[in-house]
1. Please name whichever of 215, 187, 201 sits farthest to the positive end of the charge dipole of segment 178-230, dipole taken about the Cα centre and charges placed at Cβ: Lys and Arg +1, Asp and Glu -1.
2. Roughly how big is segment 142-268's charge dipole about its Cα centre, with Cβ charges of +1 (Lys, Arg) and -1 (Asp, Glu), in debye to the nearest 20?
3. Provide the percentage of antiparallel DSSP beta bridges, counting only those with both residues in the chain; round to the nearest 5.
4. Summing -39500 (n - 2.57) over the DSSP H runs of n ≥ 4 in the chain and dividing by its residue number, what mean residue ellipticity at 222 nm do you reach, to the nearest 500 deg cm²/dmol?
5. Which length gain, in nm to one decimal place, applies between residue 335 and residue 362 when the Cα-Cα distance is subtracted from 0.36 nm times their residue separation?
6. Measure nothing but the geometry: give the 0 to 90° angle between the long axis through the Cα atoms of 182-196 and the longest principal axis through the Cα atoms of the chain, rounded to 10°.
7. Would you mind working out the magnitude of the charge dipole of the chain relative to its Cα centre, with +1 at each Lys and Arg C-beta and -1 at each Asp and Glu C-beta, to the nearest 20 Debye?
8. Could you sort the peptides 258-267, 92-101, 125-134, 334-343 by per-residue average Cβ neighbour count (10 Å cutoff), highest mean leading?
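The values are calculated or read from the model by the stated rules, or taken from the named source; none is laboratory data. What you see is a predicted model; the values in this text were computed from it and never measured. Neighbour counts run over all protein chains shown; Cβ positions are idealised from the backbone, glycine included. Each accessible area value is taken on the protein alone, full model and side chains, heavy atoms only, with ligands, DNA and RNA left out. Shrake-Rupley method; radii C 1.70, N 1.55, O 1.52, S 1.80 Å.
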Amino acid sequence: MRTDAKEKHIYTVSELTKYVRVILEGSFPGVWVEGEISNFILHSSGHMYFTIRDADATLKCAMFKRANERLKFKLANGMKVICFGAVSVYAARGDYQLIVEEVEPKGVGAMQLQFEQLKEKLRKEGLFDEVHKVKIPFLPNVVGIVTSPTGAAIRDILNVARRRFSNVEIIIAPVRVQGDGSKDEIAEAIRDFNRFGKVDVIIVARGGGSLEDLWAFNEEVVARAIYDSEIPVISGVGHEIDYTISDFVADVRAPTPSAAAELVLPNKEDLVNLVATSAARLKNALTGTLDGMSQRFAALRDSYILRQPLNIVTQYEQRIDDLKKGMALGIDHIVKMRNENFGMLAGKLAVLNPLAILGRGYSVTSRVSDGAIVKDVSALAKGEEVETRLGRGSFIAKVGEIK
C-alpha cells in the first residue's frame, strides 16, 4: 500500500545500496559458508574471484591478495570448501558477496591437500622419476648432514657412525628443521654442500613429528634443491610411516635418520671379515695354481725331450732327409710318366696328320688364286697357276694342258 506523498521517502540507488550494505555487514561481520567452487579466476593483481554454490543457490566471493598469500593449497573449480569472511555489497553492480579471509578444504586438511597438490605437480615434471636417481657410493670418505645440531636425528646418526665406521668424516650443516625460514635454510645447506664439492653423499634428516612439524621437507624449494643436487641425497625424515616430498625426490629414501646412516656407512667389522675371507680365498687359489705349475714343471723337466734334446733334433733332420729323398723319387717318376705319355700322343698325332702321307711320294695341289684344293680337273683352267705341295717343299706351275 503506497504512503501519502508527504510521508514518501525516495532513495537513490547509491543510498539504498549503502543502507543494504550497512545492514548486511552489521548482521554478518564474520561467517563460515560451505559450498563448491565454480567460475574461479586468479586476477593478474593477485586477487581471487569465484563463486561457491550448493544445490539451490550461489554466492559470489572475493579473496584479496593479502589473504590468499596465506593459502597452503590451490583453489580450483569443483573443490568443496569452507570459507570464512564478511558479507559485503559491491555497489558498482549491486551484488552482495563474501569477502573471504580463510579457506579450508572440506573433508581433507589444508596441509594434506597442499601436500597432494605439490606432489602431483612435481611428479608430472618428472622430479620423482627413477632415471634421475643417482647410486649411493659404497664407502664414502665424507658425509654431509643437513639437520638440526641439537635434535635427536643428529645424535642417532653419530651413534650409528661411531658404531659402524668411525673412520668416515662427517660434516654437519646446522639448520632449523621446522618453523619460519627452515625451508630456505635446508635448501641453502644442500646447495652449499654442492658448492663445497668435497662431500660424497648428503643426508637430509629430521626426527619424527606431526605433519606440521615435518612440513619444511614438503616445501617446493627443498624438493628442487634435492633434485638439482649433483651429490647423491638420502632423505631420512620422520618415522617409518612418515612420507614427505623430500622422500620422493631424493635418490634414496630411508625410513629414519638412523636407517639413513646405516645405508651410507657399512659395518667396518663386516668389511674386515670380508677382506680376511677374500684374502684367504685368494691365497688358496694362488697356492693351488703354484702347485699345479710346479707339477707341470716337474713333468716337463723329466720328459724325454728335455733329457735328450739333440736326439730330437737329429730325428727331425733324418725325417727331413727322408722327405727330400721321397720327393726326388716322386718327381722323377712323374717326369718319366709324362715323357712316355708325350711320346704316345706325338705318335698318334703323326699318324693322324694328313700331311704325313706326302712323305710316301704323294702330293697336294691347290689353286694359287684362292688356295682351294684341286680334287677334279674341271676346277682348273688352262694357264691357271697352281701350287703343288710335296713331302719336302712345294712348287708353283701353270696348267699347260688339261686331260
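1. Toward the positive end, the furthest listed residue is 201.
2. Values: 13 positive and 19 negative charges, 125 e Å.
For this selection, approximately 600 debye.
3. Values: 37 of 57 bridges.
Bridges in the chain that DSSP calls antiparallel: roughly 65 percent.
4. Details: 11 runs with 167 residues, N = 403.
Result for the chain: -13500 deg cm²/dmol, rounded to the nearest 500.
5. Numbers: separation 27, 0.36 × 27 = 9.72 nm, distance 3.80 nm.
Going from the current span to full extension adds 5.9 nm.
6. On a 0 to 90 degree scale, this one is about 30.
7. Working: 53 positive and 52 negative charges, 478 e Å.
Roughly 2300 debye, rounded to the nearest 20.
8. Highest to lowest by the protection proxy: 258-267, 92-101, 125-134, 334-343.
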